[in-house]
Amino acid sequence: MKCPKCHAALKPAAVAGVEIDRCTACNGQWYDDGEVAKLVPLLAEIENAPGADLTRNLQHPQAAPPAHTLPCPRCQGTMRTFNYAYDSNIMLDRCDACRGIWLDAGECNAIIRHVRGNPKLNRMGEAIAKNIAEAHQRQDVIEKVVGWNNPIDDAQLLVGIFRALRGAA
């Protein structure tokens, strides 16, 4: 098979027990139908995934590439660009016919980082959710004790959220 980007030869390579095809020139990768879904969770569990630089944060989302169609390296069908996981901003190419997926160099790493999430943001979100839940519990107690509906003071809620965020950061 030939690379749809630079037309160099694709060579088979085993990654975590899954055989993919890797471009010898641009390091793009071809995954047959179902291989991305099988491989990504495995790589996300490995601390130092093969060939993956997982220490960088995905701070700058990739801009959508210009509209293009690439030929499928497997069946020469038309590949279309799609957004991985619908809102990840990781733009991949999928063949309409055989459903294989082409990943440019670095896109596998971006997918792994997306699947793993950002631990700092995860802690912040958990702190916010916890603070909101506690505020609602306090309101429920006030309503039961006082017997009237006293809305949560927004300023107190925000102060609590920022305290929780400062502690989670």
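The values are calculated or read from the model by the stated rules, or taken from the named source; none is laboratory data. Just so it is clear, the structure is predicted and the values come from calculations on it, not from any experiment. With ideal geometry, Cβ positions are generated from the backbone for all residues, glycine too; neighbour counts draw on all protein chains shown.
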### The listed residue being modelled with pLDDT of 90 or more, touching a strand residue (DSSP E or B) at 6+ places or on another chain (Cβ under 7 Å) and either assigned to a helix (DSSP H, G or I) or of a type in the set (K, R) (or both), out of R99, R80
R80
### Flag if L42 is surrounded by fewer than 19 Cβ atoms within 10 Å (Cβ to Cβ) and either at pLDDT 95 or above or within 24 Å of R116 (Cα to Cα) (or both)
yes
### Message
For the range 4-39: of the residues being of a type in the set (G, A, S) and in a strand (DSSP E or B), which is surrounded by the fewest Cβ atoms within 10 Å (Cβ to Cβ)?
### Response
A14
### Message
Checking the structure you have, find out if any residue of the range 60-71 is at pLDDT below 90 and touching a helix residue (DSSP H, G or I) at 6+ places or on another chain (Cβ under 9 Å).
### Response
yes
### Task
From the list A127, A110, A135, pick out the single residue that is in a helix (DSSP H, G or I), small (G, A, S), under 17 Å from the mean Cα position of the chain (by Cα) and surrounded by 15 or more Cβ atoms within 10 Å (Cβ to Cβ).
A110
### Contacts under 9 angstrom Cβ, first residue in the range 74-86 being crowded, with 16+ Cβ neighbours inside 10 Å, partner among the polar types (S, T, N, Q), 6 or more apart
M79/T69; T81/T69
### Query
Of the conditions (1) at pLDDT 65 or above; (2) surrounded by 11 or more Cβ atoms within 10 Å (Cβ to Cβ), R166 fails just one. Which one is it?
(2)
